[in-house]
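Working notes, structure below.
The values are calculated or read from the model by the stated rules, or taken from the named source; none is laboratory data. Everything numeric here is computed off the predicted structure, so don't read it as measured data. Cβ sites come from the backbone with ideal geometry, for glycine too, and all protein chains shown count toward neighbours. Areas reflect the complete protein model, heavy atoms only, side chains present, ligands, DNA and RNA absent. Shrake-Rupley method; radii C 1.70, N 1.55, O 1.52, S 1.80 Å.
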Amino acid sequence: DQQVKQNSPSLSVQEGRISILNCDYTNSMFDYFLWYKKYPAEGPTFLISISSIKDKNEDGRFTVFLNKSAKHLSLHIVPSQPGDSAVYFCAARGSNSGYALNFGKGTSLLVTP
Amino acid sequence: EAGVVQSPRYKIIEKKQPVAFWCNPISGHNTLYWYRQNLGQGPELLIRYENEEAVDDSQLPKDRFSAERLKGVDSTLKIQPAELGDSAVYLCASSSDILGLTEAFFGQGTRLTVV
């Protein structure tokens with residue numbers, strides 16, 4: 001039962017433009033959401049997070065938006081750079097999942113020059 | 001500060017053989033996780049430790065998988081016997097808050113191939 005869904009397996013964006021990665025979740029008990037970035041042959045690295053009490057969190061070129069009523073969050077990267085090319089995982093945790101991270105399947109982002 | 005260290009990076013074994021993975025978490029991190037990532041999927045939790053106690057092992061296939069975290073620091077994950085379907089990347093992660101409310105830091109993973 002996939003509680004975190006990333007329905008776009010891949011995304012291609014031109015350098016300098018905005019990348020928008022989407023994530024949906026089904027468990028209303030999730031209260032903390034994270035985005036991880038993964039390069040080939042490396043472990044996921046933490047990118048940005050947001051608590052359920054907020055609807056936006058910004059860190060440099062990265063902004064995460066949370067729409068609790070729609071159970072939807074998105075990651076915006078502006079401007080996109082070739083080095084951003086990686087697989088991005090959305091993850092969520094909540095008290096009824098033992099605070100363990102539930103991951104989506106990932107979206108592979110390719111930023112072309 | 002050193003990150004989460006896992007070994008080996010790669011392991012190829014024949015089915016029915018045993019295999020073990022080792023993880024050294026970030027110093028001071030009380031929570032340790034083992035995740036399995038199948039090709040094209042996101043990581044899936046196998047077991048979570050708070051200090052030396054396994055607080056969530058509901059997803060660990062206990063007939064063939066075992067884990068331990070002696071003294072609440074390093075951890076080992078063992079599979080015996082391995083099956084073809086166990087081929088995956090095994091990721092270890094750690095975090096510093098007992099409720100796991102801070103982000104988890106991942107190691108590079110061990111890529112297991114069972115032939």
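Here are the numbers for this structure:
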| item | result |
| --- | --- |
| Residues being free of Cβ contacts under 8 Å to residues at least 60 places away in the same chain, within 11 Å of chain B (Cβ to nearest Cβ) and either part of a loop (DSSP other than H, G, I, E, B) or surrounded by fewer than 20 Cβ atoms within 10 Å (Cβ to Cβ) (or both) - total across the range A:25-35 | 0 |
| Filtered residue count, the range A:77-104, keeping only those that are away from chain B (no Cβ under 14 Å) and open to solvent by less than 40 Å² (accessible area, probe 1.4 Å) | 4 |
| Residue satisfying all of: in the range A:36-58; under 21 Å from B:LEU39 (Cβ atoms) and assigned to a strand (DSSP E or B); least open to solvent (accessible area, probe 1.4 Å) among these | A:TYR36 |
| Matching residues in the range B:34-59 - criterion: being open to solvent by less than 60 Å² (accessible area, probe 1.4 Å) and in contact (Cβ under 8 Å) with a residue 24 or more places away in the chain | B:TRP34, B:TYR35, B:ARG36, B:GLN37, B:ASN38, B:PRO43, B:LEU46, B:ILE47, B:ARG48, B:TYR49, B:GLU50 |
| Selection within the range B:9-22 - away from every other protein chain (no Cβ under 11 Å) and either touching a strand residue (DSSP E or B) at 6+ places or on another chain (Cβ under 6 Å) or surrounded by 15 or more Cβ atoms within 10 Å (Cβ to Cβ) (or both) | B:LYS11, B:ILE12, B:ILE13, B:LYS15, B:VAL19, B:ALA20, B:PHE21, B:TRP22 |
| The range B:51-103 - residue that is among the hydroxyl-bearing types (Ser, Thr, Tyr) and within 11 Å of chain A (Cβ to nearest Cβ) and, of those, nearest to A:TYR32 (Cα to Cα) | B:THR102 |
| Single unsatisfied condition, B:GLY28 versus (1) part of a loop (DSSP other than H, G, I, E, B); (2) touching a Phe, Trp or Tyr at 6+ places or on another chain (Cβ under 6 Å) | (2) |
| For A:ARG17: the one exception among (1) within 11 Å of chain B (Cβ to nearest Cβ); (2) under 18 Å from A:LEU109 (Cβ atoms); (3) outside any strand (DSSP E or B); (4) open to solvent by 50 Å² or more (accessible area, probe 1.4 Å) | (1) |
